[in-house]
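Below is one structure, written out as C-alpha cells; comments come after it.
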Amino acid sequence: MVSNYVLKGSKLEDMNILVTGGAGVIGSNLIRKIPGNITVLDNLSSSTIENIADLVSDKKIEFVKGDIRDNELVMKVSKGKNLIIHLAANADVRYYEGKETDDDLKTNTIGTYNVMEAMRKNDVNNIIFSSSSSVYGFASKIPTPETYGPLLPESLYAGSKMGAEGIISSFANIFGMNAWIFRFANIVAPNYRNIGRNVIPDLIFKLMKNRESLEILGNGKQRKSYLYVDDCIDGMFYLSSASNRNIDVFNLGNEDSITVDEIANIIVNEMGLKGVKFKYAGGERGWIGDVPTTILDITKAMGMGWKPSMNSAESVAKSAREILKSIGYGHT
C-alpha cells in the first residue's frame, strides 16, 4: 500500500505534500492513494477540476489554481512542505506549424527551476519528478536502461524534460536534497486529458464519430510499452522508499510492448465493433518528434522488488473499458 511507504525516514502520512499538476491524469489518481496534508497546484490547462472536485469539497485536499511558471506563487505554496511531487508539464507534446517553440521550455524546464528554487528557499528536501522515456530519443539499445547515453531527444518536449532532470540533479547535489526521477513509458488511466490526449482516448473518440473507418497516426507499427496508472503510482513511491541514494533515476514501464494496430484492435473489441477499416496518416512516426519504438528496460526497478501488476495489453484494455464507461458508451 502506498500509505505504508517511508521516504528518508518520514512516513507519508506525517508529511505536508505539494502536488503540482495534481488535477491531471496521474495526479488525480495519485492524490487519492496517498495520506498526508496535500496541496494541489494546477492551472487546469489540460485537466479539469472535476477530477478532484469531491476531494476539494470534502476538504481532503487544498486546491490552488495556478501555474508553475509563476515563481512567486510556487514560492508561496511550497512553504512548510516536506515533499513536492512534481507532475505539472505542458501536455501538448506535439510540435505543429504555428506552435510557439518555447512552450515546453517555459513550463517544463523553467517551471521546474521555479520549483527547485522554492524548495531551496523554503528548506524543502524531497522531490519526486515525472520525466519521460522520450529523453532517450532514438535509442540504439532496446529495451533501454537508465544508463543509456548520450541522450539525444527528438522533440522540444523531450528536450525540456531532459533539461528539467539536469536542474533537479544540480540543485539536489548542491543543496543536499533528495530527488527521485522517473522516466515514464506511456501511462494509461481511467481518465484522460482535454488536450494532448494519448492514443486510447484519441482512437475512442474517432470511433465514436465514425464506427466504420479509423484514422491512425503513423503506420500502426509503432511499438511501445504501456503502464496502468495505479502501477505507475505504486512504482513511484515503492522505488523512492527503497532507494538508498539521494538522487536516483528509474524507468517505469512494462516488460512487454504492443503496436498501435494492436491497441486499435483492443479498442474496437471493447467497443463491440466489427469490420472497422484502418487508414494511416503521418508516415512512420505519426507526428514530428515522436519515436516509433520505445521500450524501457525496467530491470533496475524489478531488481529492487517492484513489478507491474498488468502487462501492456491488459493496461490498455482496462483503460479503454474505464474511459468508455465514464463517457456512458454502450454497445448498440
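What the table below lists for this structure:
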quantity	calculated
Residue count, region 89-136 (criterion: of a type in the set (Lys, Arg), closer than 18 Å to Glu165 by Cα and touching a residue at least 40 places away in the same chain (Cβ under 8 Å))	1
Verdict on Tyr113 being surrounded by fewer than 21 Cβ atoms within 10 Å (Cβ to Cβ), hydroxyl-bearing (Ser, Thr, Tyr), in a helix (DSSP H, G or I) and at pLDDT 95 or above	yes
Candidate set from region 175-185 (those that are within 19 Å of the chain's Cα centre (by Cα) and among the small types (Gly, Ala, Ser)); member that is nearest to Asn82 (Cα to Cα)	Ala179
Lone qualifier among Ile52, Ile31, Ile26 - being open to solvent by 20 Å² or more (accessible area, probe 1.4 Å) and either hydrophobic (A, V, I, L, M, F, W, C) or in contact with a helix residue (DSSP H, G or I) (Cβ under 6 Å, 6 or more places away or on another chain) (or both)	Ile26
Whichever residue in region 143-174 is more than 21 Å from the chain's Cα centre (by Cα) and hydrophobic (A, V, I, L, M, F, W, C) and, among such residues, is surrounded by the fewest Cβ atoms within 10 Å (Cβ to Cβ)	Ile174
Among residues of region 2-31, those that are out of contact with any His (no Cβ under 8 Å at 6 or more places or on another chain) and at positive phi, counted	2
Residue list for region 80-101, restricted to those being surrounded by 14 or more Cβ atoms within 10 Å (Cβ to Cβ) and not in a strand (DSSP E or B)	Lys81, Asn82, Leu87, Ala88, Ala89, Asn90, Ala91, Asp92, Val93, Arg94, Tyr95
All positions within region 187-200 that are in contact (Cβ under 8 Å) with a residue 60 or more places away in the chain, of a type outside the set (Gly, Ala, Ser) and either open to solvent by 20 Å² or more (accessible area, probe 1.4 Å) or farther than 26 Å from Tyr238 by Cα (or both)	Ile187, Pro190, Asn191, Tyr192, Arg193, Asn194, Ile195, Val199, Ile200
Answer residue from region 244-253, given it is assigned to a loop (DSSP other than H, G, I, E, B) and open to solvent by 10 Å² or more (accessible area, probe 1.4 Å) and is farthest from Asn173 (Cα to Cα) among those	Asn244
Contacts under 8 angstrom Cβ, first residue in region 162-186 being closer than 19 Å to Ser133 by Cβ, partner open to solvent by 50 Å² or more (accessible area, probe 1.4 Å) and hydrophobic (A, V, I, L, M, F, W, C), 6 or more apart	Gly163/Leu105
Close pairs (9 angstrom Cβ cut-off, 6 or more residues apart or separate chains): charged (D, E, K, R) in region 143-155, surrounded by fewer than 15 Cβ atoms within 10 Å (Cβ to Cβ) anywhere	Glu154/Phe138; Glu154/Ile288
Region 279-300 - residue that is part of a strand (DSSP E or B) and either open to solvent by 50 Å² or more (accessible area, probe 1.4 Å) or small (Gly, Ala, Ser) (or both) and, of those, farthest from Val135 (Cα to Cα)	Lys279
Selection count, region 34-45, where residues are more than 13 Å from Asp234 (Cα to Cα) and open to solvent by less than 20 Å² (accessible area, probe 1.4 Å)	5
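The values are calculated or read from the model by the stated rules, or taken from the named source; none is laboratory data. From a predicted model like this one, the values you see are computed outputs, not experimental measurements. Quick reminder, even Gly has a Cβ in these numbers, built from the backbone with ideal geometry, and neighbours come from all protein chains shown. With ligands, DNA and RNA removed, areas are computed over all heavy atoms of the protein, side chains included. Shrake-Rupley method; radii C 1.70, N 1.55, O 1.52, S 1.80 Å.
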